[in-house]
Structure formats: C-alpha cells, structure tokens
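Worksheet: the structure to be examined is printed underneath.
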Amino acid sequence: MQLSRTEQNYLKAIYMISASSTEAVEASTNAIAARMDTRPASVSDMLRRLSDKGLLNHNRYKGVTLTESGMQQALFIVRRHRLWEHFLVHSLGFRWDEIHEIAEELEHVSHPELIARLDAFLGNPTEDPHGELIPGAHLQMPHRHTKPMNSLISGEHARVVCVDEGSDVLLKYLDEIELRPGSHFHVVSVEQFDNSMRIRKKDGSEWRITREVSNSVQVERLDRMP
Ligand SMILES: [Zn+2]
C-alpha cells in the first residue's frame with residue numbers, strides 16, 4: 001500500500017499516542033491535532049481517509065485505534081525511524097541530539113529491501129540511541145516495563161532505560177552529565193518542595209536532577225547496584 005508522507009505521519013502519531021497512554025487505547029482527535037500541530041477539523045478529514053483505507057477503526061465518541069494493517073504500517077515507520085537513528089550515530093558519527101529531525105525525513109523511504117539490508121548492516125540492533133526499542137523484522141514490538149525516573153524515592157537504585165528524544169537541549173544536558181541508557185545510579189535524596197532529586201552515579205559523581213529532567217527519563221528499578 002502506498003501512503004503519502006502525511007498519512008504516514010498520522011499513523012505514527014496515532015501509534016505514539018496510544019503507546020504512551022496508560023489507560024485509553026483510543027487516540028482522540030484533539031490529541032492527534034496537538035501532536036500534528038494542526039486544527040481538529042483537518043484531522044477529521046484525514047482520519048476518514050485512513051479509515052477508508054482500512055488502517056483505522058473510528059469510534060465517533062472516543063477516537064481512533066489502528067487496525068491490524070494500520071498497526072503494521074505504523075510499526076514499520078517506527079522501525080525505519082529508529083534504525084536510521086542508530087545508523088546516524090553509530091555509522092556516521094552524529095550526536096544523539098542531532099538525529100531525530102534527519103530520521104523524520106529518512107523514515108519515509110519505505111523500500112523493504114533497503115531496510116532489511118540496513119538492519120543487517122547494523123547487526124540487527126534492538127534499541128535506538130535514545131534507548132527506545134526497534135520493532136523487529138516481523139514488525140513485533142517487544143514488551144518492556146519501565147517507570148519514570150521521577151517516581152523513584154530516596155535510597156532506590158535504578159538503570160536508565162530510555163530518554164525522551166523530543167528536546168535537543170535535554171539530550172545535550174544528559175550527555176554532559178553522562179546519564180544515558182544503561183547508566184546506573186542511586187537516589188541519594190528527593191527534595192520535597194520541588195521534587196528535584198540528588199543522585200549518585202556509579203563513578204561516584206553526584207548530580208541534582210530537576211523534575212523536568214526526571215520526567216523525560218524512563219528507568220528500571222534495581223535491587224542493588226551491579
Ligand atoms: Zn527520533
């Protein structure tokens with residue numbers, strides 16, 4: 001099925017909205033409009049078009065969900081995006097705060113053989129540079145349990161799993177303090193008045209982490225520091 005760039009962006013946006021929400025599986029028109037930075041009226045037209053192509057289930061009151069075929073299309077776009085990000089960092093030497101915008105372009109090249117060869121060339125990576133999972137060749141998304149860093153309490157140990165790629169400035173900052181996927185740390189204390197936390201990393205360095213930062217980092221709690 002040939003899909004326009006805009007159609008692909010909608011499918012990905014709908015996938016991201018349902019993947020990030022803990023309750024509703026439906027993506028509402030307003031949530032899609034916000035994500036696509038457009039008016040709800042133009043969203044409705046596009047949703048009708050994608051339903052006509054069998055990619056969406058449209059529930060007038062709740063919003064939309066992806067059909068099996070829509071889900072496959074969305075996961076293939078996510079797969080392409082994350083493989084290219086991996087390529088940009090590991091093969092071309094880009095920094096992780098430089099790659100998202102480029103991958104937004106590259107993800108639209110959907111030639112299956114190109115993507116299969118890119119995957120093989122990179123050694124079938126399972127995570128992109130931000131720690132996000134890359135859907136496999138059969139377009140399955142593995143399940144993973146993470147929690148936001150800001151839900152940790154004083155005394156807990158954790159490992160960074162993935163970080164929000166949305167802000168270049170945040171990524172640069174995390175790079176500076178070397179808090180990346182795989183980093184281990186211990187929560188020394190949590191400040192009650194602004195929820196900022198003091199962490200100690202494995203190398204012994206201590207950092208104060210604001211709530212804004214800890215909101216954008218997903219972690220896995222550890223029983224103890226490895
Ligand atoms: Zn990205």
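Each reported figure results from applying straightforward, stated rules to the coordinates on display, with no laboratory input. In this text the structure is predicted, and so the values were computed from the model without any measurement. Positions of Cβ are generated from backbone atoms using ideal geometry, with glycine treated the same way; all protein chains shown enter the neighbour counts.
Overview of results
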item: Rg over Rh [alpha-carbon atoms, Kirkwood Rh] for the stretch 147-222; result: 0.91
item: Candidates per chymotrypsin sites (Phe, Trp or Tyr not before Pro) in the stretch 173-226, loop by DSSP, up to 11 other Cβ within 10 Å; result: Phe193
item: Max mean-square fluctuation residue, GNM over the chain, Cα-Cα springs under 10 Å, options His143, His108, His184; result: His143
item: Quotient of Cα Rg and 2.2 N^0.38 Å for the chain, N being how many residues it contains; result: 1.10
item: Gain upon complete extension [Gln192, Ile177; 0.36 nm per residue less C-alpha separation]; result: 3.1 nm
item: Interchain or long-range residues, amide H under 5 Å from Glu127's placed H; result: Ile134
item: Packing-based exposure ordering (other Cβ within 10 Å, fewest first) of Val169, Val64, Val43, Val187; result: Val169, Val187, Val43, Val64
item: Relative contact order, percent, the stretch 5-66 [alpha-carbon distance under 8 Å, six or more residues apart]; result: 35
item: Residue-averaged [θ]222 nm for the chain, counting only DSSP H segments that reach four residues, each worth -39500 (n - 2.57); result: -12000 deg cm²/dmol
item: Sparsely packed GluC sites (Glu not before Pro) within the stretch 172-202, loop by DSSP, other Cβ within 10 Å at most 15; result: Glu178, Glu191
item: Alpha-carbon centroid distance for the pair the stretch 99-174 / the stretch 45-93, whole angstrom; result: 16
item: For Arg39, Arg224, order by how many other beta-carbon atoms lie within 10 Å, fewest first; result: Arg224, Arg39
item: Asp97, Asp128, Asp175 arranged by Cβ crowding within 10 Å, fewest neighbours leading; result: Asp175, Asp97, Asp128
item: Shape category assigned to the stretch 5-66 from the gyration tensor of Cα positions, a/c cut at 1.5; result: rounded
